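Here is the structure we will look at, set down as structure tokens.
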Amino acid sequence: MMDAFQTFLLAALFGLVVSLCLVFYRVLRGPTAPDRVLAGDTAVSMIVALMVLLGVYHEEAIMLDVALLLVFLSFIGTLAISKYLEKRGLGD
């Protein structure tokens, strides 16, 4: 039973890595800045998913804490970049 679960985790990790490569292509080649911001946010979400799956695979709870911190920092960063692209100040 455990082999099937580990195989599933490895397949999910592989799928996320392939998807992450496609998203990084969009980050580099995005036609507009908002497209790049959205692709970057998607990349961070995928990295968080990778960290959670690796935490489950290696049975390390610290990976989940780091993933949660990364989500919070990503949210704040996305808001700041979006406001910058709209030419508004951070206090507006």
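The values are calculated or read from the model by the stated rules, or taken from the named source; none is laboratory data. Computed from a prediction, not measured in an experiment: that's the story for all the values here. Neighbour counts run over all protein chains shown; Cβ positions are idealised from the backbone, glycine included.
Selection within segment 3-28: residues that are more than 21 Å from SER74 (Cα to Cα) and of a type outside the set (A, V, I, L, M). The member of this set that is surrounded by the fewest Cβ atoms within 10 Å (Cβ to Cβ) is ASP3. Taking segment 1-25 as the range and being assigned to a helix (DSSP H, G or I) and over 26 Å from ALA39 (Cβ atoms) as the test, the residues that pass are MET2, ASP3, ALA4, PHE5, GLN6, THR7, PHE8.
Does segment 21-42 contain any residue that is on the phi > 0 side of the Ramachandran plot and modelled with pLDDT under 90? The answer is no; no qualifying residue exists. Quickly run through segment 33-92 and pick out the residues that are charged (D, E, K, R) and assigned to a helix (DSSP H, G or I). Listed by number, the residues that qualify are ASP35, ARG36, ASP41, ASP65, LYS83.
Among the candidates THR32, THR42, THR78, the residue that is surrounded by 15 or more Cβ atoms within 10 Å (Cβ to Cβ) and without any contact (Cβ under 8 Å) to a residue 24 or more places away in the chain is uniquely THR42. Within segment 51-92, the set of residues being polar (S, T, N, Q) and at pLDDT below 90 comprises THR78, SER82.
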